[in-house]
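Visitor: There's a structure below that I have some questions on.
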Amino acid sequence: MKVDIDSLRPLLLSVEKPSRYTGGEFGSPALKESELDFCLCFPDLYEVGMSNLGIKIVAESLLKSGFCADFCFAPAEDFGQGLKKRGVPLYSLGLKKPLAEFDILGFSMQFELSYTNLLYMLDLAGIPLLSKDRKNGNYPLITIGGPCAVNPEPLADFVDLVFIGDGERVDADVARLYLKHGGKTAEFYAAASKLDGVYIPALTKPVYENGKIIRFDGIAKVKKAQVQNLDEEVFPETFAVPNCESVHDRAVIEVMRGCYRGCRFCQAGFIYRPVRPRSVEKLTGQACSLINSTGYNEVSLNSLSTGDYPDLRGLLKSLKENLPNGTRLALPSLRVDSFEGDFAQDSRRVSLTFAPEAGSQRLRNVINKDITEEEILRAAESAFDQGYSAVKLYFMMGLPTERDEDLKEIGKICAYIKGAYRKKPRKKQLRISVSCSTFIPKPFTPFQWEEQISKEQMEQRRRALIDGMKAKGVILNWSDDFTAELEAVLARGDRKLGKAILFAYLNGCIFDGWDNRLNKDGWEKAFGQAGITPRDYTRSRGEDEILPWDFIDIGVTKKFLLSEKKRAYAGEVTGSCLDSCKGCGMQKSCPAATKQTL
């Protein structure tokens, strides 16, 4: 069946941004049902999901494999309640097909605080929330992927299959196996589990003793999927242009995947290894195709560290020569030591974002952020000379070995930046904003064993930050204490946490990542209902302790992560992979280790 949009007209006219739910975006493909229908689901609002590049790449892979690839986003509560009241199931944007009638649903899990939204979307679709309750029904295969999938255990009770790693090929490979074996059969699960990047929660069981995992029964090792040459992989030649303004309302090209730097707190820097750049020629062609087909006049050069692209100047020159006149380049957050004046000249001179992460040189060494105060000031001066008059600085508090003195150094950096701005006459007044988020230990980082500071410590660290801020006019922001704790709990959670997530959803917790929607009471009640103590998850972990994600192989060895942890406590900088190979475990597949160049 298809949902009749005309019948929803009264509801659409009564909700905020009805264009989120109508489909028909400019540039969207003319979809038709196929031998296998796959719906890519994003558990956040339309304008957030439409900005996500990953689901567009996976959709392109599925379409080129001959499958239908549709989209669905989490509806705002006004529309979600309206659908429930009318007995209309949640449907896809293109086909207007109820989610329950698709063969496979693939949820892109980008952020831990979207976990309850997965349940919200299943509920609106009329699909049982727990995988065990779907066994005897004709329901879609429920899958997840994205960065949060590297620790899938908190969602293990709800999903049938997990994609881990690069999704360009493995999603389509699973779709082919689904057809070959006639759906969700035992033969299908057995065959799919042999693929790199596929985890079947029902085939792995954590065994506990005294509340801690002592082993995994069943399949005890899952290797991530990894594509080697991005130039040879699919990339959309056009994007569907959102019906309403999206979070990143521009064309996007993925300059490279991975990061050379190895910041010890950064999960993305480890799970997306090795670094794989696209060629200048390929990127130029992709950018031109997107600009010509979408009507955008801006291109974002997307990666974890765009300033480290091997031939950034060559890429900028090629884009400038081939893109239509007036096309802007969106400047991502850059490391201060990779700031390029040429890049700034081609970017919007609105606000420049730098992420020193720590105020003192000592603490930057601890986290392997090998940049100096001089480099920070030099980058700021270069930006000011290019016309920038606003600077956003990102820091963290609660990092391992942190002291009050480290936080007070943030104020000194702001004062130095103000001094650098005043060296020359400027037309505008300088604006500096500082965001200081609470450190959250994440799986597959050298800090995965660390504790998260308590709420009392968070308050004490904030006071130190404020006391050290002598520069006037600096805008200070910091993360909410409960939000930071909740993210830490979910990030390093195990399968037992599934009960709390279910109770939280039943207690009304959805859109937890939005400041005005976080339901603290609902989560605290859920933890009590599930018998969960959050501090059991934010505590430090023993180096010999079995972690909930230990059965997953992302390519980086545990031995290397432990060696990086020891170097952190010694205040030693490992540096960039560009300088020399660090022996993380990915030497055989890493272009930098094998001295490959563009």
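The values are calculated or read from the model by the stated rules, or taken from the named source; none is laboratory data. In this text, all values refer to a predicted model and were calculated from it rather than measured experimentally. Virtual Cβ from ideal backbone geometry, glycine too; neighbours counted across all protein chains shown. For accessibility, only protein heavy atoms count, side chains too; no ligands or nucleic acids. Shrake-Rupley method; radii C 1.70, N 1.55, O 1.52, S 1.80 Å.
Visitor: Can you give the local net charge around LYS132? Use residues other than it whose beta-carbon is closer than 12 angstrom to its beta-carbon, Lys and Arg +1, Asp and Glu -1.
Guide: On the way: positive: ARG134, LYS135; negative: ASP133, ASP157, ASP160.
That works out to -1.
Visitor: Mind listing which trypsin sites (Lys or Arg not before Pro) in the stretch 453-495 are in a DSSP loop and have 15 or fewer other Cβ atoms within 10 Å?
Guide: LYS470, LYS472
Visitor: Would you mind getting me the FRET efficiency between GLN429 and THR372? Use the beta-carbon distance for r and R0 = 25 Å, nearest 0.05.
Guide: After rounding to 0.05, the efficiency reads 0.35.
Visitor: While we're here: From largest accessible area down, sort ARG328, ARG261; use a 1.4 Å probe on the protein chains.
Guide: ARG328, ARG261
Visitor: While we're on this one: Classify the stretch 101-219 as rounded, prolate or oblate from the Cα gyration tensor: take a ≥ b ≥ c as the square roots of its eigenvalues, call it rounded if a/c is under 1.5, otherwise prolate when a/b beats b/c and oblate if not.
Guide: rounded
Visitor: At most 15 other C-beta atoms within 10 Å and a DSSP loop state: those are the exposed GluC sites (Glu not before Pro) I care about. Give me the longest piece of the chain that has none.
Guide: Numbers: sites that count: GLU16, GLU33, GLU35, GLU237, GLU245, GLU543, GLU545, GLU572.
In short, 246-542.
Visitor: If we count every other residue with Cβ under 10 angstrom of ASP467's Cβ, Lys/Arg +1 and Asp/Glu -1, where does the sum land?
Guide: Net charge in that neighbourhood comes out at +3.
Visitor: Also, quick follow-up: So the label point goes 7 Å from the Cα of THR353 along Cα→C-beta, right? Which residues of the stretch 379-417 then have their backbone N under 11 Å from it?
Guide: Residues passing the 11 Å test: 392-394.
Visitor: Which entries in LYS2/LYS85; LYS369/LYS472; LYS499/LYS520; LYS212/LYS442 show an alpha-carbon gap greater than 22 Å? The partial results should precede the final answer.
Guide: Numbers: LYS2/LYS85 18 Å; LYS369/LYS472 27 Å; LYS499/LYS520 17 Å; LYS212/LYS442 18 Å.
Exceeds cut-off: LYS369/LYS472.
Visitor: Let a ≥ b ≥ c be the square roots of the eigenvalues of the Cα gyration tensor of the stretch 135-191; is it rounded (a/c under 1.5), or, if not, prolate (a/b larger than b/c) or oblate?
Guide: On the way: a/c = 2.33, a/b = 1.26, b/c = 1.86.
Oblate shape, in that a/c is at least 1.5 and b/c is the bigger or equal ratio.
Visitor: Would you please classify the overall shape of the stretch 182-293 from the alpha carbon gyration tensor, given that a ≥ b ≥ c denote the square roots of the eigenvalues, rounded means a/c under 1.5, and beyond that prolate means a/b larger than b/c while oblate covers the rest?
Guide: The shape class here is prolate.
Visitor: My understanding is that a pair violates if its Cα-Cα distance is over 29 Å; which of LYS455/LYS525; LYS64/LYS97; LYS56/LYS194; LYS132/LYS194; LYS455/LYS582 do that in this structure? Could you put the intermediate results ahead of the total?
Guide: Working: LYS455/LYS525 18 Å; LYS64/LYS97 21 Å; LYS56/LYS194 26 Å; LYS132/LYS194 22 Å; LYS455/LYS582 36 Å.
Table pairs above 29 Å Cα-Cα are LYS455/LYS582.
Visitor: Same structure again: Dipole of the chain (Lys/Arg Cβ +1, Asp/Glu Cβ -1, origin at the Cα centre): which of PHE265, ALA358, SER51 lies farthest to the positive side?
Guide: Of the candidates, ALA358 comes out farthest on the positive side.
Visitor: Something else: Would you mind pulling out the separation of the Cα centroids of the stretch 570-592 and the stretch 114-163, in Å?
Guide: 36
Visitor: Okay, next question. Quote the accessible area belonging to ASP481 in square angstrom, nearest 10, computed with a 1.4 Å probe and with ligands, DNA and RNA left uncounted.
Guide: In the full protein context, ASP481 sits at about 30 Å².
Visitor: While we're here: So what J values fall out for the stretch 212-219 if you push phi through Karplus, 6.51 cos²θ - 1.76 cosθ + 1.60 with θ = phi - 60°, rounded to Hz, Gly and Pro as x?
Guide: 10, 6, 10, 5, 10, 8, x, 6
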